[in-house]
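Q: I am attaching a structure below and will ask some questions about it afterwards.
The values are calculated or read from the model by the stated rules, or taken from the named source; none is laboratory data. What you are looking at is a predicted structure, and each value in this text was computed from that prediction instead of being measured. So basically every Cβ, Gly included, is an ideal-geometry build from the backbone, and we count neighbours across all protein chains shown. Surface areas here come from the heavy atoms of the whole protein model, side chains and all, with no ligands, DNA or RNA. Shrake-Rupley method; radii C 1.70, N 1.55, O 1.52, S 1.80 Å.
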Amino acid sequence: MDRMSIQKAKIEQLYSDSYQRLLTMARLMLKDEKEAEDVVGDLFVRLAEGTITLPSERPESYLLTAVRNNCLDRIRRLSLRERMERRLSLSEPGASTENGDLQRLKEMIDYAEMTFPRQTWRVFQLRFDEGLHYREIAEKLGISETSVYKHLSKALERLKEKFNPTSI
């Protein structure tokens, strides 16, 4: 067998051994079946094309990390509406958002903007609208990462209490 055939066989074996576990992780992170399939499929396409190469040691760990990073990249690119929808589980994963859900989401954002303390609203915006990490938010606002966490935790708790009281 030539080098290309060996590489192809290795990728096929990894696909067979790892696909379901990688897909499960992507589903959990993205809460969307089609996007999860895209992330995992894209990874194997890039492997087959040779745009990425597997390390010789622990290739499954590499694949898990690559899927996690690709999922995080997709989440960062989502709009504020999409992020809140997923975070608060307003609709079934992969289902199209109904007008009622859009109205409810608008009410949530309006509620947050009007009732959250200024600092909490700013932290909330930087995280979900601009996609900044805790450290970046902390640096930008001159507060600790712990404060960022507390602001976000309280914000999400208030939204859940106000808009989804039965799930608490």
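Q: Can you send over the solvent-accessible area of LYS34, 1.4 Å probe, protein chains only, in Å² to the nearest 10?
A: Rounded to the nearest 10, that gives 150 Å².
Q: List the lysines whose Cα lies under 23 Å from the Cα of LYS160, skipping any in the same chain that are fewer than 8 positions away.
A: Correct list for LYS160: LYS31, LYS106, LYS150.
Q: Shifting gears a bit: At 1.4 Å probe size, put TYR134, TYR149, TYR19 in order of accessible surface, largest to smallest.
A: Details: TYR134 75, TYR149 125, TYR19 45 Å².
Result of the area sort, largest leading: TYR149, TYR134, TYR19.
Q: OK, next. So how exposed is LEU78, as accessible area in Å² (1.4 Å probe, rounded to 10)?
A: 20
Q: Summing +1 for each Lys or Arg and -1 for each Asp or Glu, what net charge is found among the other residues whose Cβ lies under 11 Å from the Cβ of GLY41? Walk me through the intermediate numbers first.
A: Working: positive: LYS34, ARG46; negative: GLU35, GLU37, ASP38, ASP42.
Once all neighbours under 11 Å are counted, the net charge is -2.
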